[in-house]
1. Find the residue count for the stretch A:71-90, including only residues that are surrounded by fewer than 24 Cβ atoms within 10 Å (Cβ to Cβ) and farther than 25 Å from residue A:294 by Cβ.
2. Does residue A:112 qualify as being modelled with pLDDT of 90 or more, under 23 Å from the mean Cα position of the chain (by Cα), within 11 Å of chain B (Cβ to nearest Cβ) and surrounded by fewer than 19 Cβ atoms within 10 Å (Cβ to Cβ)?
3. Output yes when any residue across the stretch A:119-126 is surrounded by fewer than 16 Cβ atoms within 10 Å (Cβ to Cβ), within 14 Å of chain B (Cβ to nearest Cβ), out of contact with any helix residue (DSSP H, G or I) (no Cβ under 7 Å at 6 or more places or on another chain) and free of Cβ contacts under 8 Å to residues at least 12 places away in the same chain, and no when none is.
4. So, in the stretch B:324-338, of the ones that are part of a helix (DSSP H, G or I) and surrounded by fewer than 24 Cβ atoms within 10 Å (Cβ to Cβ), which residue ends up farthest from the other protein chains (Cβ to nearest Cβ)?
5. From the list B:286, B:301, B:270, exactly one residue is buried (at least 24 other Cβ atoms within 10 Å of the Cβ) and within 14 Å of another protein chain (Cβ to nearest Cβ). Which is it?
6. With respect to the numbered conditions (1) free of Cβ contacts under 8 Å to residues at least 24 places away in the same chain; (2) part of a helix (DSSP H, G or I); (3) more than 9 Å from chain B (Cβ to nearest Cβ); (4) under 17 Å from residue B:166 (Cα atoms), which one is the sole condition not fulfilled by residue A:263?
7. Regarding residue A:217, is this residue in a loop (DSSP other than H, G, I, E, B), closer than 24 Å to residue A:74 by Cα and free of Cβ contacts under 8 Å to residues at least 24 places away in the same chain?
8. Quick check on this structure: which one of B:215, B:225 is part of a helix (DSSP H, G or I), away from chain A (no Cβ under 14 Å) and surrounded by 16 or more Cβ atoms within 10 Å (Cβ to Cβ)?
């Protein structure tokens, strides 16, 4: 038992980025825009903050540099998500195609820039990443908690949240009462970009010492699974992130337990995806997804 | 004067009416942005075009010599792109978005590796059965998605993404069970499992070009035939256009969707089989995605889901990919080819909007002209 408690920091370290990204995904989809670009946006954030931290750490010192890098990573995600917003909101593009494009683009751009800046296919190693706080728990866990709480508060307790959800359910109706659907969807996509970038930064600064092509490795897609498994609701998403993050953590820490050592660690990697697929089948028919998610909104069309 | 004006307008109209012309424009835009990016980071973009020229024609400008090998490598590299493109395109024709090409590819690769290492070593039959099994594996993996979609209304986008990663990790678990396998490779294949063809190697002075190319050509023809010439293809396309109308017209929609995803999966599975037995002499324990499945989405989009278009787009992507080492030697980061691929997809995403803008400006112009008169 004691053994398990010792693993809590590791679990939280892996849960946090997933929870932050999934929160962004939830906001985006609740506004009616499907965002499968979460993976690519995380890649952008992770690269930007790893590069920023490498350059800033000697100048600003570790702790200040970490926070500045987090911000830079988040902004990188936000800027990149603008492409998705422009394509899928302003130009009514197919949201899946646009997301796929961003995923491809992110992998190319980040490694390309690494080649230019560092003359290798990854960033150079920074000296120290983020420092764990008391109990060995990284501050990212608190950031994640804050993010999901604020998201819940805004979505359910503020007029803006109500409007945002209305845009995802029935944009025509929302527009008829004077809501600017395009502006709200823009805000939602950019928020998801910011959060995915933040999550990518958290991921690289806590689990790694540099950015490379495998840093993000499907976390964005796990977040996508979380959104759907958590039924597009804050509490569900928090629970799903905890579950999937723990599964991921076990793929790393399983070797510490004699009972689990014999199993291939990949079983734990598969779990998030398999569970999501299974629940989608079990709860089929009951559609929890926002009604208009994925459908472009055309002004004047009924 | 009049003629000039009408010709100018006809180009624009061409872009609005023709998917092919728009694809060409989108690809050119992708290259343009890539070139600008290279300039911005202070490298010489000529290096990229030299590399591309050498891949396309085998001609190296700097040395003034032809190297046939590069053409062979280009064709070899294009094979998985074309097949994964066909996979995505086939599903798209039925109105499905197959992001699962990657997973279907991995399953095909895994099945082929298993049979290559453990199957009976009969000449010709060995690799042939391995490829057929790869196709069946991919078809099953795709078929599951279709079944979940048709029966349980599970979005194929989410389902395929989940199955991609399940396939990747399942492949690792299974391949590592093969005796003599370490963490990244299996023992060497027996010779009978290889797709090597001495005459193709001789023809292209030792490139990786292999028997897979014939299956790729066959696949393109089969794709065209099924989609355009059979009742099955008609039903699938009808389902893609309007599911309810198709059902009303007596087309079994559930069967159509499952079948469409299965055929799509078979193409991607074949790609996995050809890459594993054609490009490698040992089985691989995958540590990450090869990316052909994702690139296949772009290929199909550029090719407008037609047989010929997908073939050409696949050759384009294969060209970018096989130009990578040459770009590196011209001091251009090879990732520029991924950037161009990504840009092309983003441009395609917004081309719908582009079209709206162009139609709008045409209308406005026509209205102005009418007013002027």
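1. Counting residues in the stretch A:71-90 that are surrounded by fewer than 24 Cβ atoms within 10 Å (Cβ to Cβ) and farther than 25 Å from residue A:294 by Cβ gives 3.
2. Numbers: modelled with pLDDT of 90 or more: yes; under 23 Å from the mean Cα position of the chain (by Cα): yes; within 11 Å of chain B (Cβ to nearest Cβ): yes; surrounded by fewer than 19 Cβ atoms within 10 Å (Cβ to Cβ): no.
Judged against the criteria, residue A:112 is not a match.
3. Residues of the stretch A:119-126 that are surrounded by fewer than 16 Cβ atoms within 10 Å (Cβ to Cβ), as a first pass: A:119-121, A:125.
Next, from what is left, pick out any that are within 14 Å of chain B (Cβ to nearest Cβ): A:119-121.
Within this subset, residues satisfying the condition of being out of contact with any helix residue (DSSP H, G or I) (no Cβ under 7 Å at 6 or more places or on another chain) are A:119.
Applying the additional criterion that residues be free of Cβ contacts under 8 Å to residues at least 12 places away in the same chain yields A:119.
Scanning the stretch A:119-126 turns up at least one residue that is surrounded by fewer than 16 Cβ atoms within 10 Å (Cβ to Cβ), within 14 Å of chain B (Cβ to nearest Cβ), out of contact with any helix residue (DSSP H, G or I) (no Cβ under 7 Å at 6 or more places or on another chain) and free of Cβ contacts under 8 Å to residues at least 12 places away in the same chain.
4. Pass one, the stretch B:324-338, residues part of a helix (DSSP H, G or I): B:324-329, B:336-338.
Going one step further and asking which of them are surrounded by fewer than 24 Cβ atoms within 10 Å (Cβ to Cβ), we end up with B:324-326, B:328-329.
Working: B:324: 11, B:325: 14, B:326: 15, B:328: 9, B:329: 14 Å.
Taking the candidates together, the pick is B:326.
5. Working: B:286 fails: buried (at least 24 other Cβ atoms within 10 Å of the Cβ); B:270 fails: within 14 Å of another protein chain (Cβ to nearest Cβ).
None of the other options fit; the residue is B:301.
6. (2)
7. Details: in a loop (DSSP other than H, G, I, E, B): yes; closer than 24 Å to residue A:74 by Cα: yes; free of Cβ contacts under 8 Å to residues at least 24 places away in the same chain: yes.
When the stated conditions are applied, residue A:217 passes them.
8. On the way: B:225 fails: surrounded by 16 or more Cβ atoms within 10 Å (Cβ to Cβ).
Checking each option against the conditions leaves just B:215.
The values are calculated or read from the model by the stated rules, or taken from the named source; none is laboratory data. In this text the structure is predicted, and so the values were computed from the model without any measurement. Using ideal geometry, Cβ is built from the backbone for each residue, glycine included, and neighbour counts are taken over all protein chains shown.
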